[in-house]
Amino acid sequence: MSIISALKPAQFALLDKTILAGLTADDVKSLSAAQIKTLDGEKLASLNKDGVKDFTAAQFKAITISAVKSLSDDQIAAIGTGVANLSAAQVSAIYAENDDAFDVAQVTALTKTHIKALDANAISGILALTGGLAAMEDDEIAAISTKTIAALSDADATALVTSGKLGTKQIAALTTSQVTALDPDAYAALDATQVKAFTAAQVKSIDVTALAGKATDLTAKQIAALSDTQVGALDATTQLGAFDATQIKAFTAAQVKVLDVADLGAKITDLSAKQISALTVAQIGDLDGATQVQALDATQVKALTTAQLQALDVTKIGDTQIADLAPKQIAAFTPTQLGNLSDDQVKNLTTQQIAGLNAAAITALGDADQIKNFDADQLKSISVKAFSGLTAAHIGTIDAGLIDDLTTKQVASITAAQAAALTGDLATNLTEDQVAALSATALAAISAEDFKSFTADEIALIKPKSLAGLSDQHIAELDATQLKALTEKQIQALNITQLNALDPDAQVKELLEAQVKALSTKQIAGLEADQIKAINVAHLDNKQLAALTTTQVAALDPDEQIKNLTEGQIKALTTAQVASLVVEQIQALTDAQVAALTTKQAAALTATQIGEFSDTQATAFTKEQIAVMSSTAIGAFTKTALATFEDDEIAAINIKAVSGLTVDQIGELGETQIKSFSDKQVAAMQNDVLLAVIAAYAESNA
């Protein structure tokens, strides 16, 4: 046993470095752990290197941390792979003093416990060795602490990443500077799990060009963390074009705005509705029709905003795809866009879409000659307000077979300008309800010739107020069947000018009794003589008769009209009307009609009229009628007519009227008639008449 090894630790501690330097290798090897613990740095450094290299694990571990830092390069080199016996703290302390203390063989001998304890300087020293990185086992690299990782230089961090051995926590520990410095080789060495380990903050520092194809391993959260610049730099083929649907949907609205839609290609179908709505108008304008726009599904199409739609070339939209747009979206198209729709696109517009269009939009479609492509349901779906956007030219393009599909509300909204298009088959094919819905101005705008094509049933359904808008020419075109179809309310709606436009023979004479009776007194009074002469007076009620002007009454045909007046109608005539009867009319009165005259009417008869009564007619006068006649009237009777009076009728002559009797009249009276004069009547006679009466009386008594 060496004397040195027999020394107690306290005794051994008294030895200076000179004495210690003189110890043999065997002396050094024989030192106890307790003795070694007493060594400071200088003393440890003075020991024989060959002795130190043969230390046991226990001896190595006995070296204090402060002392181990003083191991000389020769001692460390001599230890060789024995460094494996050093504690992690000792190895760390050695590297703290000298970052290139170990050679490759020694690094290889280190365990993951050692590596885990090393700081950034130590790891950097290892990495600086040729073969240093390779000298570390996979689990040793994985043992490097995250704190150490974060403290490494950008180059060292890149080297470790390039090894492909870092764990996910180590990846997540990389600083943004380290991440920024990563090159293509570093990213190429990573597997999907490692790529997914990058935090959102780290992702913002990734050079997406260097990331290359590994971009396909990014999670949705990582993609959402990319900056606008990074998104804009994504490769069309290896990155953007290789993303799956989940990754595409991960782009935020802001990111979507910087995408190159040409690079996105068919992947546009993976965008969510929210992402679609985030596209800029410039991006929308750059979309390819066949591969992008027409590839969008209904949900994506419905996500397009007004601004986007107005930036879209509508020819890029698929013919059937147009139906996927919401009504509000179609309504957002500019007139120019609507005008650019193809025939097939227009045919695929839904009724809901058309219902949402305004007048300007309908005008645009009409100007583009597209209304002709509307089917029945599409035509019916045009709102009343929007229908006003159609011009006559537009309406004229509607298939005549579809005109009957217009709603009554649409037809009711037709203006005079629009109605000008209702010619030929378009007019003929209108339904009864449609004709009934036409306004007065619309009806008036339809030519008389086309109006003539309406059936009697259609005519009967025209609103009275609409009928009032017809011109004289329209009315004149009605045939007998159409005319007879007019309802009482329609008849009452006709104005005087329209009524007087009726042809007396072809139209007025064809009026039904109910139609004639429907005429108001004002209408009756406004009829011209020719119309009056054509009316069947038997159809006139008393009020209507009373409404006739004296001129109209004078125009009544004696045989066809006057003679056919009933006793009730005769009584309905006003005194002025009776007084206006002309000679031929007076002569046409029947005995019954004469007898039907009221006392007021009888009193209104003029001398001229009285003088035209025949003897037969005179016999029809009653004593009541005679009693109210004036002296002029009485004097106007022909002598033979007066001679037909009964005795009581003679006696009924008013005292004042007796003065109107003439000598000739007295000369025709019979004995009983002469004797019928009362004393008062005789007293009221003119002298010459009185003498004639006395003479007649005397003669009868002779």
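Quick one: pull the percentage of alpha-carbon pairs in region 51-170 with a separation above 23 Å.
Of all Cα-Cα distances in region 51-170, 24 percent exceed 23 Å.
Cut-off under 14 Å on the C-alpha distance; same-chain residues fewer than 8 positions from Lys267 excluded. Which aspartates and glutamates are left, in chain and number order?
Asp235, Asp244, Asp288, Asp297
Classify region 605-702: rounded, prolate or oblate, from the alpha-carbon gyration tensor (a ≥ b ≥ c, eigenvalue square roots; a/c under 1.5 rounded; otherwise prolate if a/b is larger than b/c)?
prolate
Kindly list the residues of region 326-358 that lie in the label zone of Ala298, defined by a backbone N under 20 Å from the point 7 Å along the Cα-to-C-beta vector.
Backbone N within reach: 326-332, 345-357.
Would you kindly derive the ³J(HN,Hα) couplings of region 558-574 from the backbone phi angles with the Karplus curve 6.51 cos²θ - 1.76 cosθ + 1.60 (θ = phi - 60°), listing them in order in whole Hz, with x for Gly and Pro?
Each residue of region 558-574 in turn: x, 7, 7, 10, 4, 5, 9, 5, 6, 4, x, 5, 4, 5, 7, 5, 6 Hz.
Please arrange Asp26, Asp119 by counting, for each residue, the other beta carbons lying within 10 Å of its beta carbon, fewest first.
With the fewest neighbours first, Asp26, Asp119 line up as Asp26, Asp119.
Counting other C-beta atoms within 10 Å, which of His539, His114 has the fewest, and how do the rest follow?
His539, His114
Could you work out how much longer the chain between Asp228 and Leu14 gets when fully extended? Use 0.36 nm per residue separation minus the Cα distance between them, nm to one decimal.
69.9 nm
Give the distance, in whole Å, between the Cα centre of region 468-510 and the Cα centre of region 633-658.
The distance from the Cα centre of region 468-510 to that of region 633-658 comes to 48 Å.
Return Ile610, Ile276, Ile144 ranked ascending by Cβ neighbour count within 10 Å, so the fewest neighbours appear first.
Ile276, Ile610, Ile144
Given a cut-off of under 8 Å on Cα pairs at least six residues apart, what relative contact order in percent is computed for the chain?
4
Using only Cα atoms, locate the centre of region 375-449 and the centre of region 250-282, then give the distance between them in Å, rounded to an integer.
Here the two parts' Cα centres lie 46 Å apart.
Enumerate lysine pairs in region 448-512 that are 8 or more residues apart or on different chains, then count those whose Cα atoms are under 18 Å apart.
6
With 28 Å as the limit, write out which pairs from Lys53/Lys147; Lys169/Lys274; Lys571/Lys680; Lys17/Lys61 have Cα-Cα distances beyond it, or answer none.
Too far apart for the 28 Å limit: Lys53/Lys147; Lys169/Lys274; Lys571/Lys680.
Please report the spacing between the Cα centers of region 304-350 and region 14-66 in Å, no decimals.
Cα centroid of region 304-350 versus Cα centroid of region 14-66: 92 Å apart.
Using the Karplus curve 6.51 cos²θ - 1.76 cosθ + 1.60 with θ = phi - 60°, work out ³J(HN,Hα) for each residue of region 643-648 in order, rounded to whole Hz, and write x for Gly and Pro.
Result, rounded to whole Hz: 5, 7, 5, 6, 4, 5.
If you average 1/r across every pair of different Cα atoms in the chain and take the reciprocal, what Kirkwood value do you get, in Å?
38.3
Taking the Cβ of Ile36 as the center, what net charge do the other residues with Cβ under 12 Å away carry, scoring Lys and Arg +1 and Asp and Glu -1?
Net charge in that neighbourhood comes out at +3.
As a check on your grasp of the helix formula, calculate [θ] at 222 nm for the chain: sum -39500 (n - 2.57) over DSSP H runs of n ≥ 4, divide by the residue count, round to the nearest 500.
-12500 deg cm²/dmol
Mind checking which aspartates and glutamates have their Cα closer than 19 Å to the Cα of Lys675? Skip sequence neighbours fewer than 8 apart in that chain.
The reachable aspartates and glutamates, counting only those whose Cα sits under 19 Å from Lys675, are Glu646, Asp647, Asp648, Glu649, Asp664, Asp688, Glu699.
Could you compute the net charge surrounding Gln378? Neighbours are other residues with a C-beta less than 14 Å from the C-beta of Gln378; K and R count +1, D and E count -1.
Around Gln378, the charge tally is -3.
List the lysines whose Cα sits under 25 Å from the Cα of Lys372, skipping any in the same chain fewer than 8 residues away.
Candidates past the 8-residue exclusion: Lys316, Lys328, Lys347, Lys380, Lys385, Lys409.
How much length would be gained if the chain were fully extended between Asp288 and Thr209, taking 0.36 nm per residue of separation minus their Cα-Cα distance, in nm to one decimal?
Residue separation times 0.36 nm, minus the Cα-Cα distance, leaves 25.9 nm.
Under a Cβ-Cβ cut-off of 13 Å, what is the net charge of the residues other than Thr168 that fall near it, where Lys and Arg count +1 and Asp and Glu count -1?
Overall, the nearby charge balance is +1.
With unit charges on the beta carbon (Lys/Arg positive, Asp/Glu negative), name the residue among Ala192, Asn495, Leu86 whose Cα is farthest towards the positive pole of the charge dipole of the chain.
The listed residue farthest towards the positive side: Leu86.
Here, each number is a calculation from the coordinates, and none is a lab measurement. Note that the structure is predicted; figures quoted are calculated from it, not measured. Counting neighbours? That spans all protein chains shown, and the Cβs are built from the backbone with ideal geometry, glycine included.
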